[in-house]
Amino acid sequence: MKTILITGGAGFIGSNFVHHWRKHHPEDRIINLDALTYAGNPENLTGIEEGANYRFVHGDICDNELIPKLFEEEKIDTVVHFAAESHVDRSISGPEAFIKTNVHGTFNLLEAARNTWANDSGCRFLHVSTDEVYGSLEADDPAFTETTPFAPNSPYSASKAASDHLVRAYFHTYGLPVLTTNCSNNYGPYQFPEKLIPLVFINALEGKPLPVYGDGKQIRDWLHVADHCRGIDAVLQNSHPGETWNIGGCNEWTNIDIVRLICRHLDELRPADRPREELITHVTDRPGHDRRYAIDAGKIMRELGWKPEYTFETGIQQTLAWYLENQTWWERVRDGEYRKFIRQQYEELAI
Ligand code: NAD
Ligand code: TYD
């Protein structure tokens, strides 16, 4: 039985991972630590009840009193570290929070683990990172492997690359039993509607313009969040410490094709007067916009037997159906209603 600290477990991927872990490892105790920034939403955790096997802690990974205390108090033996500032556009307009949380926060967690864990304890610190640390590819370049040199281009990817380097250094210098995963773009339930897929879906549903940056020919590799969670689980259970693992969907799409695909699906699900593709609006490109990301997931497929269960077709259909069925969830996110809930639930109670 593990006592697993999940950081950022009220965010998009973290909350999906909490649901995954509760379902597949019900005997383990989960400590979910989240600062509930604009991206953290306790409503993502509906159905997960406080009790012997679950505790939510409202706190900041940068807090150097809380974190060591939590490690001691809860006898944490496993960390899955999602907490981060995660949106590239926000990192361009305000990079400081990215350096604080992504770099300093990761450092703080590593220090707590180093000071608490004995060398031979079987503990694991899994750091969740992104393919964006590898930089941008040309159309004909081979996909990123685990040995592709880092070349981050945005404040977000630079802060994630810095944290990846720190994690690596704690293995080499102190022997901390770390693991790192670098994953491609995720999509699925509970994604905050500032990211491409939920934003386009909601705007299309409401007949609003669909903003496509520049020519829309930028390419991303897309993976369903449930497959990402399964990949992290496989790495946690089976990898030697010190290893890094690329996780991706072998599923490259241009942004404009994704936007068109969403429009087509929605036209079928909820017919409108005019095809929703007419709502596509090309807007000023993101500064320093990476042209292409592509992941070579050969290592995790060969060595751990992982592969995506969702095709993009089934994954997008499931995701769009989820957003249609959970309109209250995204309306409360968009209107800020969930912030009021957080204030009542956590801030007034000071937990
Ligand atoms: P998200 O923005 O949806 O969630 C981040 C969570 O971290 C939120 O719940 C937020 O409240 C919490 N948080 C932020 N700062 C914190 C702090 N200082 N202390 C404690 N909690 C804090 O992000 P996401 O999309 O779920 O991404 C999770 C992780 O996965 C990130 O590390 C990200 O870099 C990585 N990742 C994301 C993607 C993707 O496509 N979304 C792809 C690859 C890797
Ligand atoms: P995003 O979901 O922000 O993820 P990331 O920047 O981490 O890849 O964006 C995915 C792609 O979609 C990226 O190339 C930027 C583009 N994009 C748009 O064209 N319009 C939008 O409104 C958004 C949010 C993103």
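Readers should treat all values here as calculations from the given coordinates under stated rules, not as data from a laboratory. Everything numeric here is computed off the predicted structure, so don't read it as measured data. All Cβ positions, even for glycine, are placed from backbone atoms using ideal geometry, and neighbour counts span all protein chains on display.
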Filtering trypsin sites (Lys or Arg not before Pro) in the stretch 41-148 by DSSP loop and by at most 12 other Cβ atoms within 10 Å leaves 75
Full-extension gain in nm, residue 93 to residue 23, via 0.36 nm per residue minus C-alpha separation: 21.4 nm
Extension gain (nm, one decimal) between residue 274 and residue 324, 0.36 nm per residue minus Cα-Cα: 16.1 nm
Pairing the Cα long axis of helix 312-325 with the longest principal axis of the chain, what angle in degrees results, from 0 to 90 and rounded to the nearest 10? 90
Cα centroid of the stretch 172-208 to Cα centroid of the stretch 20-99, whole Å: 16
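Step through the table entries 23/217; 23/307; 75/195; 208/307; 100/307; 217/340, compare each Cα-Cα distance with 29 Å, and write down the pairs that go over it.
On the way: 23/217 39 Å; 23/307 19 Å; 75/195 36 Å; 208/307 36 Å; 100/307 34 Å; 217/340 39 Å.
The answer is 23/217; 75/195; 208/307; 100/307; 217/340.
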Comparing 271, 241, 68, which has the greatest mean-square fluctuation in the GNM of the chain with Cα pairs linked when under 10 Å apart? 271
How high is the relative contact order of the stretch 137-263, in percent, with contacts defined as C-alpha pairs under 8 Å that are six or more residues apart? 33
How far apart, in nm, are two points set 7 Å out from the Cα along the Cα-to-Cβ line at residue 172 and at residue 267? 5.3
Could you give me the ³J(HN,Hα) list for the stretch 197-206, computed from phi with Karplus coefficients 6.51, -1.76, 1.60 and θ = phi - 60°, whole Hz, x at Gly and Pro? 5, x, 5, 5, 4, 5, 4, 5, 4, 9
Which chymotrypsin sites (Phe, Trp or Tyr not before Pro) in the stretch 1-102 sit in a loop by DSSP (not H, G, I, E or B) and have at most 15 other Cβ atoms within 10 Å of their own Cβ? 38
In deg cm²/dmol, rounded to the nearest 500, the helical mean residue ellipticity at 222 nm of the chain, built from -39500 (n - 2.57) for every DSSP H run of length 4 or more, is -11500 deg cm²/dmol
How tilted is helix 255-269 with respect to the longest principal axis of the chain? Cα atoms for both, answer in degrees (0 to 90, nearest 10). 70
As I understand it, the value is the acute angle between the Cα axis of helix 155-174 and the longest principal axis of the Cα atoms of the chain; what does it come to in degrees, rounded to 10? 20
In the stretch 1-108, the GluC sites (Glu not before Pro) that fall in loop regions by DSSP, at most 15 other Cβ within 10 Å: 27, 49, 50, 65
Taking every alpha carbon pair in the stretch 166-231 and sorting the distances into 10 angstrom bins from 0 up to the bin holding the longest one, the percent per bin comes out as 17, 32, 26, 16, 8, 1
Looking only at Cα atoms, what is the convex hull volume of the chain per residue, in Å³? 131
Under 11 Å from a label point 7 Å along Cα→Cβ of residue 281: give me every residue in the stretch 188-211 with its amide N that close. 208-211
